[in-house]
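Okay, so here's the structure we're looking at.
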Amino acid sequence: MWKSNTIFNHFKSTLNFSLLSSRRFASTIAQNPSTFNSIPHANQVIDFPGGTVKFIPEMRFISESSQERIPCYRVLDDDGQPLANNFVQVSEDVAVRMYNNMVTLQIMDTIFYEVQRQGRISFYATTIGEEAINIASAAALTMDDVIFPQYREPGPLLWRGFTLQEIANQCFSNKYDNGKGRQMPIHYGSNKHNYFTVASTVATQIPHAVGAAYSIKMDKKDACSITYFGDGGSSEGDFHAALNFAAVMEAPVIFLCRNNGWAISTPTSDQFRSDGVVVKGQAYGVCSIRVDGNDALAIYSAVQAAREMAINEERPVLIEALTYRVGHHSTSDDSTKYRPTNEIEWWRLARDPVARFRKWIERNGWWNDMAESELRNSLRQELLHSIQVAENLEKPPIADIFNDVYDVPPSSLREQEQWVKDTVKNHPLDYPENISA
């Protein structure tokens, strides 16, 4: 069995992967000018904060990119066959549980998408094509690790025990929704599961994760934080500030970028000119790796290794997971307007992460067609029941719109609350029957 850090050592030795170098440029103490000038070849270097810098007579510009793209770590090929043994071994129990959760995401997306189309909830966003990133990354963490999601990561919540009923309660904004009905559907959050509430604002969670990681470090906890974001999020200032702060403060945080090719309708070719997101880590002094995001074993191995580095070496790690958003950006989007359908279908059929992982566990004798049929049937029935229950439960009381902000609400807020209650009472046909005024 390979240890997680062995994977990174393997990359260093076999790939000469400079982005994974543990070298840090130590600060230097400025020398006395008279003493410094007496040092042989002193006029060939400058003693600058961060280390000595060598002088050269030639004018050299750093190239905007290397001739070869950064390689992508992979364990399983498209047919589910291991390419080598350079991955963290997964037990049968963990592997089957990972697969169960990946299938759960698929069924959730299919049913909730249709529920939204029927007008029963207002919004939904799928994780189709990104199930491996969701579940395998969660499996490599511990419950003490704090998660800062974007809005396409319900998988870590499922892995940590968030039930389908709780998922449905949130999407239907009923009285048992943790967010008290104040958030859009899919904006989950759970203090119990160390999962910060989803926010639609792009990339704002990234610096939050760094702050949490620094707090974890100060408290000397055996844990880290992890934040998820898309390729579009790497264009936000929050991303760059967060990486720099994390590197300087040596915060134990994992930055996991789901580079799925599209930031809504903006392709990566319009998003950046660099070699993806992975190279941005080196500029900030952050150890980085590129991983096949449709390979559950590669994601599991990389995240587990990154976690050990973040905690044991007190440093941030950037993971760029190459994947593809097979579904539309959300139920408010029609992605066929800006990308070809044959491209979408190719990724859905040829690069499906769930099918690839299933082939691997079947070859190990851990799965079969009967187990597959039973799982999908039982999940479908459980989810349909959860939706039926959630849809018929009362909505949160109107008062919940106005509380939890002020200790003593001002009179203006109380007046607004009364106005809303009167409006609901006077126009009952315009509001759900199960809303409590």
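Restricting attention to region 103-119, does a residue exist that is in a loop (DSSP other than H, G, I, E, B) and out of contact with any Leu (no Cβ under 7 Å at 6 or more places or on another chain)? Among the residues of region 103-119, at least one is in a loop (DSSP other than H, G, I, E, B) and out of contact with any Leu (no Cβ under 7 Å at 6 or more places or on another chain), which makes the answer yes. Note on region 327-348: among residues that are of a type in the set (Ser, Thr, Tyr) and in a helix (DSSP H, G or I), the one that is farthest from His187 (Cα to Cα) is Thr341. Of all residues in region 392-425, those being among the basic types (Lys, Arg) and open to solvent by less than 80 Å² (accessible area, probe 1.4 Å) number 2.
Would you confirm, using the coordinates I've provided, whether Arg380 is modelled with pLDDT of 95 or more, charged (D, E, K, R) and either in contact with a Phe, Trp or Tyr (Cβ under 7 Å, 6 or more places away or on another chain) or outside any helix (DSSP H, G or I) (or both)? Considered against the rule, which asks whether it is modelled with pLDDT of 95 or more, charged (D, E, K, R) and either in contact with a Phe, Trp or Tyr (Cβ under 7 Å, 6 or more places away or on another chain) or outside any helix (DSSP H, G or I) (or both), Arg380 comes out as no.
Residue under question is Ala251, and the condition is that it be in a helix (DSSP H, G or I), surrounded by 24 or more Cβ atoms within 10 Å (Cβ to Cβ) and of a type in the set (A, V, I, L, M); does it hold?
When the stated conditions are applied, Ala251 does not pass them.
Of Pro396, Pro409, all but one fail to be free of Cβ contacts under 8 Å to residues at least 12 places away in the same chain, over 28 Å from Val103 (Cα atoms), touching an Asp or Glu at 6+ places or on another chain (Cβ under 9 Å) and not in a helix (DSSP H, G or I); the exception is Pro409. Filtering region 374-391 to residues that are closer than 19 Å to Glu92 by Cα and either hydroxyl-bearing (Ser, Thr, Tyr) or open to solvent by less than 60 Å² (accessible area, probe 1.4 Å) (or both) leaves only Leu375.
For region 176-195, what are the residues that are touching a Cys at 6+ places or on another chain (Cβ under 9 Å) and either outside any loop (DSSP other than H, G, I, E, B) or on the phi > 0 side of the Ramachandran plot (or both)? Listed by number, the list holds a single entry, Ile186.
Every residue, every condition in (1) more than 17 Å from the chain's Cα centre (by Cα); (2) modelled with pLDDT under 95; (3) more than 30 Å from Lys220 (Cα to Cα); (4) open to solvent by 10 Å² or more (accessible area, probe 1.4 Å), yes or no:
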residue: Val286; (1), (2), (3), (4): yes, no, no, no
residue: Ile319; (1), (2), (3), (4): no, no, no, no
residue: Asp333; (1), (2), (3), (4): yes, no, yes, yes
residue: Pro340; (1), (2), (3), (4): yes, no, yes, yes
residue: Arg348; (1), (2), (3), (4): yes, no, yes, yes
residue: Pro353; (1), (2), (3), (4): no, no, yes, no
residue: Arg363; (1), (2), (3), (4): yes, no, yes, yes
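Of all positions in region 204-215, none carries a residue that is without any contact (Cβ under 8 Å) to a residue 24 or more places away in the chain and part of a loop (DSSP other than H, G, I, E, B). In region 161-175, the qualifying residues are those that are part of a loop (DSSP other than H, G, I, E, B) and out of contact with any strand residue (DSSP E or B) (no Cβ under 7 Å at 6 or more places or on another chain), and the one that is most open to solvent (accessible area, probe 1.4 Å) is Lys175. State all residues of region 349-370 that are of a type in the set (Gly, Ala, Ser), outside any loop (DSSP other than H, G, I, E, B) and farther than 15 Å from Ile107 by Cβ; if no residue qualifies, say none. Once the filter is applied, which keeps residues that are of a type in the set (Gly, Ala, Ser), outside any loop (DSSP other than H, G, I, E, B) and farther than 15 Å from Ile107 by Cβ, region 349-370 yields only Ala350. Does Ser301 count as small (Gly, Ala, Ser), assigned to a helix (DSSP H, G or I) and open to solvent by less than 10 Å² (accessible area, probe 1.4 Å)? So Ser301 fits the description; yes.
The values are calculated or read from the model by the stated rules, or taken from the named source; none is laboratory data. Because the structure is a prediction, the values reported are computed rather than measured. All Cβ positions, even for glycine, are placed from backbone atoms using ideal geometry, and neighbour counts span all protein chains on display. Please note that ligands, DNA and RNA were not included when accessible areas were found on the heavy atoms of the full protein model with its side chains. Shrake-Rupley method; radii C 1.70, N 1.55, O 1.52, S 1.80 Å.
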